[in-house]
1. Residues being open to solvent by 20 Å² or more (accessible area, probe 1.4 Å), under 19 Å from residue 59 (Cβ atoms) and of a type outside the set (A, V, I, L, M): count how many of those fall in the range 232-279.
2. Being part of a helix (DSSP H, G or I) and open to solvent by 20 Å² or more (accessible area, probe 1.4 Å) is the filter here, so list the residues in the range 206-231 that pass it.
3. Going by the structure shown, is residue 143 in contact with a helix residue (DSSP H, G or I) (Cβ under 8 Å, 6 or more places away or on another chain) and at negative phi?
4. Looking at residue 63, is it at pLDDT below 95 and within 25 Å of the chain's Cα centre (by Cα)?
5. Do the conditions hold for residue 174, that is, is it outside any strand (DSSP E or B) and over 22 Å from residue 250 (Cα atoms)?
6. Show the residue pairs that are 6+ apart or on different chains and have beta-carbon atoms under 8 Å apart, the first residue being within the range 26-46 and within 17 Å of residue 14 (Cβ to Cβ) and touching a residue at least 60 places away in the same chain (Cβ under 8 Å), the second being open to solvent by 60 Å² or more (accessible area, probe 1.4 Å) and in a loop (DSSP other than H, G, I, E, B).
7. Testing residue 43 on (1) open to solvent by less than 60 Å² (accessible area, probe 1.4 Å); (2) under 23 Å from the mean Cα position of the chain (by Cα); (3) under 18 Å from residue 100 (Cβ atoms), one condition comes back false. Which one is that?
Amino acid sequence: MLAVAAAAHPAGALTLLTSGKVGDFRPVRASVRVGADRALRTLHRPTCPAVSSVRFALSRRGDDFEDHGEVALPCTGWRAARGGYRYHAPDGGPGGVREIVYTRRRLVIRAEGSGYARVSGPVAYVEVWLTIAGERHLVRLQNFRRNAADRVSSRRPSRAAALGETAFWDTLWADRPRSDEALRFLERAVRDDPRDGRSQFLLGMLRLYRSTRACAEFDFLDLCEAAKAEGAAAQAPLDRAVELLPNDSRVPGFRAATSYANGFEQHDDARLALGMQQIEAAITANPLFNSFDAFAVVAPILPATDPYYQDRILPLVDFVFGSASCVATLPEICNNLGMAPHNLEGTTLLLGDIDAKGGRLAAAKTWYGIGRAIGRGTAYRYQSDLDDRVAHAADRVAAYQDADPANDPPLIGGGGGSCVYCHNK
């Protein structure tokens, strides 16, 4: 696992573009457009000697990831243009990227020809990254009007959906938390278009996040009524998102975790059992990603002596440990280069806690040590938690092992509270 720490990427500058975003991908060409987005108000100079690149990536079901590779753009291809900059390359240019219009009013990326790596469906989502002078601009497309092998064409989001997605990520990344605005926009988006699967998903996830902020002090095992209400409100949009985003196997995992947590919080045995069934189905569909839904909601609730904890939770931790090579092979999913800028630090913190609760001191110390080493180089805002875990790992394990459950330390986060440890910038 030392290789994991060595392969860790520091979280770089990340900017999401949502306004008027639309993409069209065909066998021989692709085009992506974004309107006058907030993120385009300040442009980064791409002309020489600046370094710039384009990358297309996609997931077919959420349990895989297809990265078409970083395409370095020669700085000589850029010219100043009205309101910004324009890139042009003839056929045969790097990656088939023929034209980029990068201005304060729009972003357009066009690729075609021999160098273009085809994007074919059906897909769970498509991402397009434009990096200029270290700033990574991301356009993520998940609602589609056509999603087939011969063409993938996205639907243009409503203004409310675009503003809601921006406000959601401002909040989760802790750039400028504004969950009330995000809630208002996303509720409007799904009211205006109930088939907007992306907004349904974000609305459900926002409710889970808000459940961690509704109480004066967050305790996943003893939530206040306001937090329970937020968690309950997450259920319907996530149920709907599962229907509307059938190609993304991660969405059922979040829905499953919500069902299980709501069953626990509401003392509803039927919903608790349904949540467990959904969690197992989600893990079967996407073992690596959806294991974390069990880690976030089942592991904090069950005692360490429970057979499910010993025979299912801890082996899933071992499975993640054995999958560590994805840190290098899939850096956007398993490292810090995607939408979770501190994915590694948050993951090691959570898995260390799960091993500690399970009485596995050596394994817990390994996770904590790796997380602390990575966090020191990434300005991790929860570094003090990792430092404390390393210093007191043995005490933590001992507290779980004694006969007094009242002194058991909580696992980091719990429920929706786990998300911030990976996603906060």
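1. 7
2. Within the range 206-231, 207, 208, 209, 210, 225, 226, 228, 229, 230 qualify.
3. Here the answer is yes, as residue 143 does meet what is asked.
4. So residue 63 passes the test.
5. Here the answer is yes, as residue 174 does meet what is asked.
6. 34/106; 40/104; 40/105; 40/106; 41/104; 43/104; 44/133
7. (2)
Results for (1) in contact with a Gly (Cβ under 9 Å, 6 or more places away or on another chain); (2) surrounded by 16 or more Cβ atoms within 10 Å (Cβ to Cβ); (3) modelled with pLDDT under 95; (4) under 28 Å from residue 66 (Cα atoms), shown as yes or no for each residue.
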{"site": "325", "(1), (2), (3), (4)": "no, no, yes, yes"}
{"site": "350", "(1), (2), (3), (4)": "yes, yes, no, yes"}
{"site": "356", "(1), (2), (3), (4)": "no, yes, no, no"}
{"site": "415", "(1), (2), (3), (4)": "yes, yes, yes, no"}
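The values are calculated or read from the model by the stated rules, or taken from the named source; none is laboratory data. Since we're looking at a predicted model, the values are computed, not measured. As a convention, Cβ positions derive from the backbone with ideal geometry for all residues, glycine included, and neighbour counts pool all protein chains shown. Note: accessible area is taken over every heavy atom of the protein model, side chains too, but ligands, DNA and RNA are not part of it. Shrake-Rupley method; radii C 1.70, N 1.55, O 1.52, S 1.80 Å.
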